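The values are calculated or read from the model by the stated rules, or taken from the named source; none is laboratory data. It should be emphasised that the depicted structure is a prediction, and the values quoted were computed from it without experimental measurement. Backbone-built Cβ (ideal geometry, glycine too); neighbour counts: all protein chains shown. Only protein heavy atoms, including side chains, enter the accessible area calculation; ligands, DNA and RNA are left aside. Shrake-Rupley method; radii C 1.70, N 1.55, O 1.52, S 1.80 Å.
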Amino acid sequence: MKLKGEKQESSDYNEGSKGKMTLLLALVTLISAFGSSFQYGYNVSVINSPAPYMQDFYNQTYFNRSGVPMDSGFQTLLWSLTVSMYPLGGLFGSLMVWPLVNNCGRKGTLLINNLFSIAAAILMGTSELAKTFEVIILSRVIMGIYAGLASNVVPMFLGEMSPKNLRGAIGVVPQLFITLGILVAQILGLHSILGNAEGWPVLLGLTGIPSLIQLLILPFFPESPRYLLIQKGNEEQARQALQKLRGWDDVDDEMEEMRQEDSSEKEEGHFSVLSLCTFRGLRWQLISIIVMMMGQQLSGVNAVFYYADRIFQSAGVDKNNVQYVTVSIGAINVVMTLLAVFIVESLGRRILLLAGFGLCCVSCAVLTLALNLQTTVSWMSYLSIVCVIVYIIGHAIGASPIPFVMITEMFLQSSRPAAFMVGGSVHWLCNFTVGLVFLYMEAGLGPYSFLIFCAICLATIVYIFFIVPETKNKTFMEINRIMAKRNKVEIQDDKEQLEDFHTVPGGQAEKKEISSSEL
């Protein structure tokens, strides 16, 4: 039995050494991000370079079956299905988040999810041998479901495991692996490697390997301590998981914070998506993640990637060398996301969101100008290259990684799965919409379509500036209190809080109380 004074010392000691990056935490971060987020990125860009060879395969297969060549309209339809089934699958995957993470746990969901990826990889890898293109389209849906689950469950799993002073940095790691996946797919998709008539089935099938690795290694790592304590009510397992992750035995402070979160949520129970949407106490959190997710996808990141090849060609880059330029853009994306991992804890989330969307907004506006003038002013085509690079940098430091970190931080345990389900669905629905609408937008508006993206970025900046709070280095309860003021609701935990701290000498309790209300 500890004396009061001893308890005090140990918690002060804990404050001092709070949240170092242990080997176990680093490994679980890398394994979950490599095994899940990496494939999301890989499958975003994997079909770009082998597209002509895959279309030839569609044509040839159709011809062998029916004896007549495929109609060009039908071929366009099949190809746009191949591309757009992925984000549609992502939407379905997001809708499965809430039931799966609540029933199977965060780690359990990631393990089950690997089966989707492995099945799709086998189907895509053997599609040429089986002489069937329908299987590729089906596999894209399955891979989409996989990516929809992965893009939501990995940030949730890692966010719940991280100490508060590392939560942002660890939360950006999944996005780093998404950009790495995009880059690896671009490199392997070079014509000299696998982006050719013989290599594309292998290129598509490789996606199963990271899943297989995760399926074999992840079972040896602990489940999210928050899930074990708050949802399973298993205090002993939660304590053991937390001790392993933190690398020391005294985890009382963090257990206390989780219990506090648990007791303040007892009244509300578990949120379904419907109850989340109608609950006044979480109104601004919900609007914030919807706005950030819409801003992230509708700011035209896919369009800029799509346009990049043509922008570089118009700047005089040789047609055969464009693929190398695309790879270098993918590399810039990775490097800038890596930078975000290191600066998100020092600069904070708000600055990165505002700076990121700000860079995207300015570069879209200048890009419109440059694309319109490049026929008359010779150096404008170089300016458009600069705009693309600035845009990619802006998206990589703020708009891409931070919204997923914010979902983890703005919601407590009971509402987090439903919030990820809403945020994820908005993310994939907007991704699907941009993919569908952009071709028509481009045909109708040409370069002016970037002005629409510019306006969307500007609207997102204004919203974030006025509404979204800074969340770095705060516990989930502290963030909840900040948002409660905005929602104009009372938090029920004050009574419990005073009870929690009655063991500590009076001054300490008062001090804690004041600091949380000052926030």
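Before moving on, here are some points about what is shown:
- The Kirkwood radius of segment 244-402, taken over pairs of alpha-carbon atoms, gives through the Stokes-Einstein law at 20 °C and 1.002 mPa s a diffusion coefficient of 113 µm² s⁻¹.
- Area accessible to solvent at LEU24, 1.4 Å probe radius, in Å²: 50 Å²
- Computed accessible area, ASP71, all protein chains, 1.4 angstrom probe, square angstrom: 100 Å²
- Label-point separation in nm, LEU339 to LYS131, each point 7 Å along Cα→Cβ: 5.3 nm
- Extension gain for ALA455-TYR382 works out to 23.9 nm (0.36 nm per residue, less the C-alpha to C-alpha distance).
- Using a probe of 1.4 angstrom and keeping all protein chains present, the accessible surface of the chain works out to 41 square angstrom per residue.
- Derived scalar couplings ³J(HN,Hα) [segment 79-84; Karplus, 6.51 cos²θ - 1.76 cosθ + 1.60; whole Hz; x for Gly, Pro]: 5, 5, 5, 4, 6, 7
- Scattering curve values for segment 274-488, log₁₀ I(q)/I(0), Debye with Cα scatterers, q = 0.15 Å⁻¹: -0.95
- Of all accessible heavy-atom area on segment 22-221, the percent that carbon and sulfur account for (1.4 Å): 75 percent
- Entry note, the chain: the mean residue ellipticity at 222 nm calculated from DSSP H runs of n ≥ 4, each adding -39500 (n - 2.57), is -24500 deg cm²/dmol after division by the residues and rounding to the nearest 500.
- Helix 283-298 and the longest principal axis of the Cα set of the chain meet at an angle near 20°.
- Accessible area of TRP284 (1.4 Å probe, protein heavy atoms only, ligands and nucleic acids ignored): about 80 Å².
- Cα gyration tensor, segment 221-305 - rounded (a/c under 1.5), prolate or oblate: oblate
- Cα long-axis angle, helix 449-467 against the chain (0 to 90 degrees, to the nearest 10): 0 degrees
- The HN-Hα couplings worked out from phi for segment 317-329 by the Karplus form 6.51 cos²θ - 1.76 cosθ + 1.60 (θ = phi - 60°) are 6, 4, 4, 6, 8, 4, 4, 6, 5, 4, 4, 5, 5 Hz, whole numbers, x standing for Gly and Pro.
- For the pair ILE467 and ASP253 in one chain, pulling the backbone fully straight at 0.36 nm per residue adds 74.0 nm over the alpha carbon distance.
- In order along segment 128-140, the phi-based Karplus estimate (6.51 cos²θ - 1.76 cosθ + 1.60, θ = phi - 60°) of 3J(HN,Hα) comes to 6, 4, 7, 6, 9, 8, 4, 4, 5, 5, 4, 5, 5 Hz; Gly and Pro are listed as x.
- Extension gain, ASN103 to ILE209, is 35.5 nm, computed as 0.36 nm per intervening residue step minus the present C-alpha separation.
- Taking a point 7 Å from the Cα of ASN196 along the Cα-to-Cβ direction, the residues of segment 39-79 with backbone N closer than 14 Å to it are 50, 53.
- If you plug the beta carbon distance of TYR306 and ILE217 into 1/(1 + (r/R0)^6) with R0 = 25 Å, you get a FRET efficiency near 0.10.
- In this simple spin-label model, placing a label point 7 Å from the Cα along the Cα-to-Cβ direction at both LEU27 and LEU439 gives a separation of 4.7 nm.
- Placed amide H near LEU190: partners under 5 Å, 5+ positions off or other chain: GLY195
- For segment 22-221, the relative contact order comes to 42 percent (Cα pairs under 8 Å, sequence separation of at least 6).
- Cα gyration tensor shape for segment 22-221, rounded if a/c is under 1.5, else prolate or oblate: prolate
- Rounded percent of accessible protein surface that carbon and sulfur make up, segment 274-488, 1.4 Å probe: 73 percent
- Residues whose amide H comes within less than 5 Å of that of LYS472, counting only those at least five positions distant or on another chain, are ARG349 (H built at 1.01 Å from N in the peptide plane).
- Shape summary: the chain maps onto an equivalent ellipsoid whose semi-axes, from the alpha-carbon gyration tensor, are 43, 26, 20 Å in decreasing order.
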